Structures are given as C-alpha cells and as structure tokens.
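Here the structure comes first, spelled out in structure tokens, and everything after it is commentary.
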Amino acid sequence: MTHATNIVRIALGASLVLIAACQPRSAAKQQEGTSAAATATPAAPDSFLVALQTSKGRVVMQVTRAWAPLGADHFYQLVNARYYDGAKFFRVLGFMAQFGIGGNPDMNAEWSNRNIPDDSVRQSNKRGFVSYAMGGPNTRSTQLFINKRDNARLDRMGFAPIAVVIEGMEVIDQLYSGYGEGAPDGNGPMQDRIEHEGNTYLTKYFPLLDSVVTARVVRVRETP
C-alpha cells in the first residue's frame, strides 16, 4: 500500500468487521486540513434531499443538518461539486454498503484530504441511516456508508448519522456484494488504489461493482 490505512474495528455478532477510510497523510497535516475545512465549508440548508441515481435504481436520502452539522455541510458541498458522480459501491457487506472514493483520481486528490472534525452522535445507526466512514478521530472526508441493518454498536464508536434513506432501500439491498471485504482482509478492492487510480482500477479488476451514476440535491427545505 502507498499510505497507511487506520482501521476502526467493531465487533458485530460473532465476526469482526471494519469500517475504514484511507489516511493518506500525517497527523499534523490532517489537523491543518481539518481546521481549513471547518472554516471554509459554508452551511448547508437545515434539511435537503439528495437523489442517487445508481446502476441498480434510484435512492433518495434526507439530510438533516441538526443531526450532524459539520458532516451535512461537507456532504452538501461534495454533492454540489458532483464528486460522487461515477463513484462505486466498493465495499458492500451484510451490514452496510460503503461508497465515496471518486472514480476520478484528480477529484480524489482535491477532496480526500479535506478532513472535517467529528460531530456528536445524535441519531442511531439504524437500517437506512447514512454515516461517514472514518479511520479515527476527525478523519471524516468523502466516504459514506448506508446501514443495511440496525447497527447501534457503531453509535458508541462515534459514527454520527447525517441522513436517512427515505426511498430505495430495496436498491441498496440489491447492490453487488460478491467481492466481500476489501484487501488485505478480503478479496475486495484496495482503498488506496481506488484513490490513486479511480475507476480504471475498479473496472479492470472488479467489473461487477455497482455505482452512483449521479448524485444531486433535488429539494431544499428550511425549518421555520
């Protein structure tokens, strides 16, 4: 691997599973990027809907800023930058579906180091709820996962939901999961190679992965 990957390990049932996001830089630079992201990201609307047109069908998420303000603001910015267009669901397991490393390496270079500080956990990681993947404190960047079942144990690990799927959970249930856990723990994709090679790597070695075709803000609603 070309850089270290810090891993959050969570025991779910009888097996040990991982929700990990790549950590491509030093702690000092991470803190520097975190401060910059916190001051540069404009506030998102109080509530907004994001539609993912995926290779399996349409999924709509409702984002509520009060649940995780920093995470919601960052997600709003990423969607409007069209960062997620073409991103693959590169890690689909029994308990969640993970996406958010872009298919374009140039876009990844621009966004992957813009880490944001943690939000407190105000909602539970129940089925359909959406949280950032992370590799330790203050490492949320671009990767998200959708809970496919109730995963309350993730709450205690600091995974703060920012949204909930209100349409299309049956689509999430149908995403291709045949590659299993990511390398080196399984036969699935390596996160650092996705980051640096994009969809060229995934299309060659993991052609059956489903993808986000487009991600768009489709409605904004301010609370009174």
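The values are calculated or read from the model by the stated rules, or taken from the named source; none is laboratory data. Being a predicted model, the structure only gives us computed values, none of them experimental. So basically every Cβ, Gly included, is an ideal-geometry build from the backbone, and we count neighbours across all protein chains shown.
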Looking for something over 18 Å from Asp192 (Cβ atoms) and in contact with a Leu (Cβ under 7 Å, 6 or more places away or on another chain) - is there at least one such residue anywhere in region 98-117?
yes
Answer yes if at least one residue in region 142-158 is of a type in the set (Asp, Glu) and either in a helix (DSSP H, G or I) or without any contact (Cβ under 8 Å) to a residue 60 or more places away in the chain (or both), and no otherwise.
yes
Identify, from the list Asp155, Asp150, the residue that is touching a Lys or Arg at 6+ places or on another chain (Cβ under 6 Å) and surrounded by fewer than 21 Cβ atoms within 10 Å (Cβ to Cβ).
Asp150
For region 159-183, name all the residues that are in a loop (DSSP other than H, G, I, E, B) and either of a type in the set (D, E, K, R) or modelled with pLDDT under 95 (or both).
Glu181, Ala183
Top-ranked residue of region 68-81 - restricted to ones that are of a type outside the set (A, V, I, L, M) and within 15 Å of Leu144 (Cα to Cα), ranked as surrounded by the fewest Cβ atoms within 10 Å (Cβ to Cβ):
Gln77
In this structure, does Asp210 turn out to be touching a strand residue (DSSP E or B) at 6+ places or on another chain (Cβ under 7 Å) and surrounded by 19 or more Cβ atoms within 10 Å (Cβ to Cβ)?
yes
Flagged in region 184-224 as under 18 Å from the mean Cα position of the chain (by Cα), small (Gly, Ala, Ser) and either in a loop (DSSP other than H, G, I, E, B) or modelled with pLDDT under 95 (or both), in numbering order, are Gly198
Filtering strands (runs of 3 or more DSSP E) wholly in region 53-140 for at least 2 residues that are closer than 23 Å to Ala152 by Cβ and in contact with a helix residue (DSSP H, G or I) (Cβ under 6 Å, 6 or more places away or on another chain) gives 57-64
Which pairs turn up if I take residues in region 36-57 that are at pLDDT below 95 and look for partners that are among the β-branched types (Val, Ile, Thr) with beta carbon separation below 6 Å, at least 6 apart in sequence or on another chain?
Ala37/Ile116
